[in-house]
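Have a look at the structure below, then the notes.
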Amino acid sequence: MSRKDFLRRTGGLLAASIVPMSLVEIACGGRGKGTHEKFTFAFISDPHLTHIKGTSFVRNFDTGLNKAIETVNLMFPRPDFVVFGGDLAQLGKREELDHGMELLSKLKVPVKFVIGEHDYYLDMGNYWQDKISKLNYSFDHKGVHFVVLNSILTYDTWIKRWKTPEERMNEMARLDNPNGSPFMVGDDQIAWLKKDLENIKSGTPLVVLSHSPLYKIYKPWNFWTDDAEKIQSVLSRFDNVTVFHGHVHQVLYNQIKNISFYALMSTAWPWPYPESYTQSPHYIPKMTVFMNRQDPFHERDGTGWAFVNMDNAREEMHYKLWENKDRIVKYDESAGHPVDSAYQKPESRILPQTHY
């Protein structure tokens, strides 16, 4: 495919190789009968905007988010809406959230918001709900049912453990933290989900948007949702379900029965894979080929964006990486799960890195 053809197909992206966002094309209504209109939406996640003092913020993180916003506005045709996947702020400060909303206000299409733990644990989401969005909700768009879940709740005993909101926020913001607590969706929200879906037909394309993954990957880093199996059970009657999530700052994909899971990358920085960090192979889905970063300490190696094509509720992810080789991950009907088109076979992969 020529560069000109690629740019035309992805909506006229002018900086396709360096833009930290995700463009999603939906063509899954009617199970191949052409009864639903195609549409696109963009997915931007995890900028972690960090306040220094006064009007100063960490410039690198601002730059990543601004690149995504600018490129969405340059698309032709523009996506129908943007999903923001959480962690707008680093420490939940009003200065960080206000700054993020000022940047996102430049978008020329509507935004659907998902909250992250970095946005939540300073004031338990009060400012977010007052100024930005509900914590969970659903909407329908051109034959597809979307559900937004607040997947970063935790136990009351942990919340009450800390003397100040700042102490609680700082503890939740750490990655490898023995004082951390697993995430959950919670019984009240699961009851809401059941009610929301009770009149939705099982053949309806269903997309679930969350911040943390709705399955269990690696507990020490809180890539983990304690009640994930309960949520998966609620979704089990649908023919095909796709979950898009942020939080992990890396390419991850998984299939659990009828549910396909895809992670979206961060606009701020990449995390290493738990497998490469611990040298234990069971911490990520077996089907995931983790990305060997050419330079693990390069701030942009492992960040980027993805173009996602959904056709009859099956996904084809085109990950565009700044400082690494592009990746294509798509559902393989014969295998029954997503596969990496280039690296699924072990002999095709880059030698693993062991120096984290």
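The values are calculated or read from the model by the stated rules, or taken from the named source; none is laboratory data. Predicted model, so just to flag it, every value in this text is computed and none were measured. When we count neighbours, we look across all protein chains shown, and the Cβ atoms used for this are built from the backbone with ideal geometry, even at glycine. The protein model used for the area step is the full one, side chains on, heavy atoms only, and it has no ligands, DNA or RNA in it. Shrake-Rupley method; radii C 1.70, N 1.55, O 1.52, S 1.80 Å.
Once the Cβ-Cβ distance between Asp332 and Arg161 is put in as r, and R0 is 56 Å, what FRET efficiency do you end up with, to the nearest 0.05?
0.80
Go ahead and estimate [θ] at 222 nm for the chain from helices alone: -39,500 (n - 2.57) per DSSP H run with n ≥ 4, summed, over the residue count, rounded to 500.
-6000 deg cm²/dmol
In nm, to one decimal, how far is the modelled label at Ser280 from the one at Ser341, with both set 7 Å along Cα→Cβ?
Placing both labels 7 Å beyond Cα along the Cβ direction yields 3.5 nm.
Suppose the chain between Asp130 and Ser236 were pulled fully straight at 0.36 nm per residue; how much longer would it get relative to their current alpha carbon spacing?
Taking Asp130 through Ser236 to full extension adds about 34.8 nm, to one decimal.
Carbon and sulfur: what percent of the chain's accessible surface (1.4 Å probe)?
Carbon and sulfur atoms account for 50 percent of the accessible area of the chain.
I'd like the antiparallel share, as a percent to the nearest 5, of DSSP beta bridges with both residues in the chain.
55 percent
Which whole-Hz couplings ³J(HN,Hα) result when phi for each residue of the stretch 109-123 is put into the Karplus expression 6.51 cos²θ - 1.76 cosθ + 1.60, θ = phi - 60°, listed in order with x for Gly and Pro?
For the stretch 109-123, the Karplus curve yields 10, x, 10, 9, 9, 10, 8, x, 5, 5, 8, 9, 7, 6, 10 Hz.
Label Lys195 and Lys219 with points 7 Å out from Cα along Cα→Cβ: what is the distance between them in nm?
It is 3.2 nm.
With a probe of 1.4 Å, find how much accessible area the chain has per residue, and write the answer as a whole number in Å².
Solvent-accessible surface per residue comes out at 43 Å².
My understanding is that a pair violates if its Cα-Cα distance is over 23 Å; which of Lys112/Lys216; Lys38/Lys134; Lys53/Lys108; Lys67/Lys108; Lys93/Lys163 do that in this structure?
Long pairs (Cα-Cα over 23 Å): Lys112/Lys216; Lys38/Lys134; Lys53/Lys108.
I need the helices of the chain that pass two filters: whole DSSP H segments spanning 27 Å or more by Cα along the axis, and mean Kyte-Doolittle score no lower than -0.5.
In the chain, no H run is both long and hydrophobic enough.
Under the 0.36 nm per residue contour assumption, what length would be gained going from the current alpha-carbon distance of Asn170 and Arg94 to full extension?
Separation in residues times 0.36 nm, less the Cα-Cα distance, equals 25.8 nm.
Between Asp295 and Lys325, with labels modelled 7 Å along Cα→Cβ, what's the label distance in nm to one decimal, could you check?
Roughly 2.0 nm, to one decimal.
If contacts are Cα pairs under 8 angstrom and at least 6 residues apart, what is the relative contact order of the stretch 73-143 in percent?
35 percent
Express in nm, to one decimal, how much length is gained between Asp187 and Arg59 on full extension, taking 0.36 nm for each residue of separation and deducting their alpha carbon distance.
Residue separation times 0.36 nm, minus the Cα-Cα distance, leaves 42.1 nm.
Suppose a student asked you for the relative contact order of the chain, using Cα pairs under 8 Å spaced at least 6 residues apart; what percent would you report?
17 percent
Would you mind pulling out the separation of the Cα centroids of the stretch 234-286 and the stretch 97-161, in Å?
20 Å
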